[in-house]
Amino acid sequence: MSDVPQSHPRYISLTLRDKIVKGVEIGITSVHGLIAHGRGEAFDYLLSEKTQPFAISAIHAAGAMLRLAKSPVISVNGNVAALVPDDLVELANLLSAPLEVNIFHTESGREKKIRQHLINHGAEHVLMPTTEAQLSYIDSNRKYVHPDGIFIADVVFVPLEDGDRCEALRKMEKNVVTIDLNPMSRTAQMASITIVDNVIRSLPLLCAEIQKLKSDSEMKSILNQYHNQNILSEALKHICRGAND
Ligand code: PTJ
């Protein structure tokens, strides 16, 4: 870790950078992940680095969708493995859902290192990509999935990714829940539910939401009233206001 003092006004942001850098050093995060993180930082700045009301609405809907799912799966890439491993494991336990390693940038051994990292953080069930099961409509490394995981899932949780797979999953008629600081990204636009927030803040809130006592009919009603395009518009308006301040 770097020697940033806790009194530094940008302490939290700088410790997140440390986490991503450490992820690269231990071989779980792609070096491209540093660039993705920087892009996220810029959007987070415009969101005042706070979870905004449109993100809270999306978290309510995401909790309902994930709890009502028959076969939910949590997809893990190199950035989220570095930033929020404990929360990913907690979410998997709460939903009794598998974690599945799925990365865009093919690098030797990185998938196995991510799996081991999740196990070190308490994960019990981590699926790996296979050549046995492949997603349609996609050519990148993300097409290789596990036959008992993403391949058969009805709802896939895909925090911060690059968009090609989200589109493919939707074409395969799966629901996608994402967390993405950029409401204009392809993933944000294609997902069924988009939480426009930093994964560091919103994943613990999502875990808390899932633990709230709610009936199936209450959760169905939350989903019926939810409109992702409205949420994305609110997020975009907020960002434009932030940019003009
Ligand atoms: O480990 P891999 O190979 O699967 O690669 C993972 C990354 C993230 C590098 C890859 O999927 C990628 O290149 O993603 P993009 O296209 O840069 O998109 C990442 C999106 O996540 C962007 O819209 C960022 O704004 C957003 N983002 C970055 N950091 C965060 C974030 N969203 C939420 N929380 C963050 N901390």
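Is any residue of the stretch 65-100 close enough, with backbone N under 11 Å, to a label point placed 7 angstrom from the Cα of I26 along the Cα-Cβ axis, and if so, which?
Answer for this model: 81-86.
Just the accessible area per residue of the chain, please: how many Å² with a 1.4 Å probe? Write out the running numbers ahead of the final one.
Working: 11720 Å² over 245 residues.
Per-residue accessible area for the chain comes out at 48 Å².
Counting only protein heavy atoms, what percent of the accessible surface of the stretch 23-153 is carbon or sulfur at a 1.4 Å probe? Show your work: numbers first, answer last.
On the way: 2950 of 5870 Å².
That share works out to 50 percent.
Using the basic label-point model (7 angstrom from Cα toward the beta carbon), what is the I152 to K171 distance in nanometres?
For I152 paired with K171, the spin-label model returns 2.4 nm.
Could you name the lysines in cross-link range of K70, using Cα to Cα under 23 Å and dropping any fewer than eight places away on the same chain?
K70 reaches K143, K171, K174, K212, K214, K220.
So how exposed is T15, as accessible area in Å² (1.4 Å probe, rounded to 10)?
Approximately 30 Å² of T15 is accessible to the 1.4 Å probe.
Taking R0 as 25 Å, what FRET efficiency do you get between S233 and Y11 from their Cβ-Cβ distance, rounded to the nearest 0.05? Each step should come with its number before you reach the end.
On the way: r = 33 Å, r/R0 = 1.31.
The value I calculate is 0.15.
Can you work out ³J(HN,Hα) from phi for every residue in the stretch 197-209, in order, using Karplus 6.51 cos²θ - 1.76 cosθ + 1.60 and θ = phi - 60°, giving whole Hz and x for Gly and Pro?
6, 6, 4, 4, 8, 7, 5, x, 5, 5, 4, 5, 4
Can you pull out the trypsin sites (Lys or Arg not before Pro) in the stretch 67-121 that DSSP calls coil and that have at most 16 other Cβ atoms within 10 Å? Write out the running numbers ahead of the final one.
Details: sites: R67, K70, R110, K112, K113, R115; in loops: K70.
Here the trypsin sites (Lys or Arg not before Pro) that fit, given the DSSP loop and packing criteria, are K70.
Please give the solvent-accessible surface of R17 in Å², to the nearest 10, using a probe radius of 1.4 Å with every protein chain present.
Surface accessible to solvent at R17 totals approximately 110 Å².
Check cross-link reach from K50 to the lysines: straight Cα distance under 16 Å, and skip same-chain residues fewer than eight apart.
K237
Summing +1 for each Lys or Arg and -1 for each Asp or Glu, what net charge is found among the other residues whose Cβ lies under 13 Å from the Cβ of F54?
Result for the local shell: 0.
Bin all alpha-carbon pair distances of the chain at 5 Å intervals from 0 and give each bin's fraction as a whole percent.
Values per bin, smallest distances first: 1, 7, 14, 19, 20, 18, 12, 6, 2, 1, 0.
What does the helix-only formula give at 222 nm for the chain: each DSSP H stretch with n ≥ 4 adding -39500 (n - 2.57), the total divided by the residues, and the result rounded to the nearest 500 deg cm²/dmol? Walk me through the numbers on the way to the answer.
Numbers: 11 runs with 125 residues, N = 245.
After summing the helix terms and dividing by the residues of the chain, the value is -15500 deg cm²/dmol.
Of all GluC sites (Glu not before Pro) in the stretch 119-219, which ones are in loop regions per DSSP and have a Cβ with at most 10 other Cβ atoms within 10 Å? The partial results should precede the final answer.
Working: sites: E124, E132, E161, E167, E173, E209, E218; in loops: E124, E132, E161, E173.
Passing sites in the stretch 119-219 are E132, E173.
Pull up all non-local amide H partners of E100: gap of 5 or more, or a different chain, and H-to-H distance under 5 Å with H placed in the peptide plane.
For E100, whose amide H was placed from the backbone, the distant partners under 5 Å are I74, S75, V76, L127.
With N set to the number of residues, divide the alpha-carbon radius of gyration of the stretch 188-236 by 2.2 N^0.38 Å and report two decimals.
Values: Rg = 12.2 Å, N = 49, 2.2 N^0.38 = 9.7 Å.
Ratio of Cα Rg to 2.2 N^0.38 Å: 1.26.
Return the FRET efficiency for the residue pair Y45, E107: r is the Cβ-Cβ distance, R0 is 25 Å, and the value is rounded to the nearest 0.05.
Details: r = 29 Å, r/R0 = 1.18.
So the FRET efficiency works out to roughly 0.25.
So, R0 is 41 Å and r is the distance between the beta-carbons of L223 and D3; what FRET efficiency does that work out to, to 0.05? Before the final figure, lay out the partial values.
On the way: r = 47 Å, r/R0 = 1.14.
With a Förster radius of 41 Å, E is 0.30.
What share of the DSSP beta bridges in the stretch 53-239 is antiparallel, in percent to the nearest 5? Mind dumping the intermediate values first?
On the way: 2 of 16 bridges.
DSSP beta bridges in the stretch 53-239 are roughly 10 percent antiparallel.
The values are calculated or read from the model by the stated rules, or taken from the named source; none is laboratory data. Worth saying up front: this structure is predicted, and the values here are computed from it rather than measured. Here the Cβ is made from the backbone with ideal geometry for all residues, glycine too, and neighbour counts use every protein chain on show. The protein model used for the area step is the full one, side chains on, heavy atoms only, and it has no ligands, DNA or RNA in it. Shrake-Rupley method; radii C 1.70, N 1.55, O 1.52, S 1.80 Å.
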